[in-house]
1. May I ask for the distance between the Cα centers of segment 236-263 and segment 305-365, given as a whole number of Å?
2. Quick one: Cα centre-to-centre distance for segment 107-141 and segment 188-218, in angstrom?
3. If you bin every alpha carbon distance in segment 57-150 into 5 Å steps from zero, what whole percent lands in each bin?
4. List Asp238, Asp232 from most exposed to least, where exposure is judged by having the fewest other Cβ atoms within 10 Å.
5. Mind listing the phi-derived Karplus ³J(HN,Hα) values for segment 274-282, rounded to whole Hz, using 6.51, -1.76 and 1.60 with θ = phi - 60°, and x for any glycine or proline?
6. Before anything else, pin down the relative contact order of segment 145-198: Cα pairs under 8 Å, at least 6 apart, normalised by residue count, whole percent.
7. Taking the highest mean first, how do the peptides 254-262, 212-220 order by number of other beta carbon atoms within 10 angstrom per residue?
Amino acid sequence: MRKPLAMGLLGLGWAAGCGSSDPSSKSAFGPLGSESSAIQDGTADTTHQFAVGIVQMTNQTVAFCSGVLLAPNLVATARHCVSQLQSPQIDCTSSAFVSTYPPTDIFVTTDPTITMSGHFVTVASIHVPPQTTVCGNDIALLILSKSIQLPQYVTPTITPPMTDHQLYTTATTAIGYGVDTPLDTMGTSAGTRRIKQDVNLVCIPNDTTFPNCLLDPTWLQFATVNEFEGGDGTCDGDSGSGAYDQGSFDKGNWVAFGVLSRGGVSPEGGTCMGSIYTRFDAWASLLIETANQAAKLGGYAPPSWTGSSACLANAGVCLQDSDCCSVNCVSHDNVTFACSACDANNPCNTGFGCQGGVCVATAPSSAEADSGSAPAPASRIEGDSGNEAAASPSASTGAGGCAIAAVGLEARAPWSAGGAVALAMTALVRARRKARRA
């Protein structure tokens, strides 16, 4: 018997209300839900912050997923974590994505447990493959509004690909925020980051290390060449979590083969079985292009795995704005030009706005278009730390003229903005399919 595989989403209903004595306590609402599979037989993980939690909030539903931090402001996850599905039942011959949720509906956290009182970073943009079919295209890249600073980020296996077994092993580590058993239909165990190591891979298409799964017609009914099959352990809520190469993981290097798309449940319904991941090496162009955009917005050099020539960090000698990661080449003496983060003293050129220390192209307002002039500089600016600094007229040349926008980059408790909110724990569980296959 083949393990039944399906995409699962675990969500929790919530309702605004009053009278909660402590809406931020776990007893008031518990850990919230999650998307795709939690780690069964795993252990709580408070260490690996590159494995992030993702909260999807739409209408009256809060749902959880998992993700992989590839760069300070770049997260990889499953596309169904951020997009609507035509149907919750997955058939690789017909299932499709309908539309992508607004970035404002998605929040990312490094907290080991997702709670109302946790810290969240908002999403600036969502990038997905052009194809709308689910199987093989269940990957999404999120550019964050604020960078998350870690000593090390995850490297996706692009070059060389995951089939290079001189470099990579055939076992993985799974880390996700899902439930720890498919019997937990209320999602009470979801929202905690868990880890399980030494999970053996089952099949990689066209990889001679394994029997060729592409020759198995039943395999092709639930997977594609852009995917690979992992072992047991992931459950509802782990969607978007990474499959980390075990050999690299043992050495303290974070290298991931792909993101979890869907999984299965044993016939009796008590065990999470099987896993299908979308391969990173199948989406190299999307990863590289989006990573370069994220680096430009974040003001850092693109990761080495992109193969891109590095932009200049702040203080690097430059000739033009495009030489700099901050897109801001300035001089205070008209002789020496150097890259600088944009701020009140180093404003961006006309047509650009300052976001997180980086100059980003902005559309002119109708008033600006009519007058042909840039708006006056803002009197105060809010930085990433939340501290305000008084603005002064720019003393630099070669950069300036544009106003500096104050951008709120970090969100706390996205579902409780504006005051106390009581969460109703009536679960909206979109259960995993348990159909059997021969």
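1. Their Cα centres are 35 Å away from one another.
2. 22 Å
3. Here the calculated profile for segment 57-150 is 3, 13, 24, 24, 18, 11, 6, 2, 0.
4. Exposure proxy ranking, most exposed first: Asp232, Asp238.
5. x, 6, 10, 10, 7, 6, 5, 5, 7
6. 31 percent
7. Details: 254-262: 27.0, 212-220: 13.8.
Sorting 254-262, 212-220 by mean packing, highest first, produces 254-262, 212-220.
Rule-based calculations on the coordinates, nothing more; no lab input. Just so we're clear, the structure is a prediction, and the values are computed from it rather than from any experiment. Backbone-built Cβ (ideal geometry, glycine too); neighbour counts: all protein chains shown.
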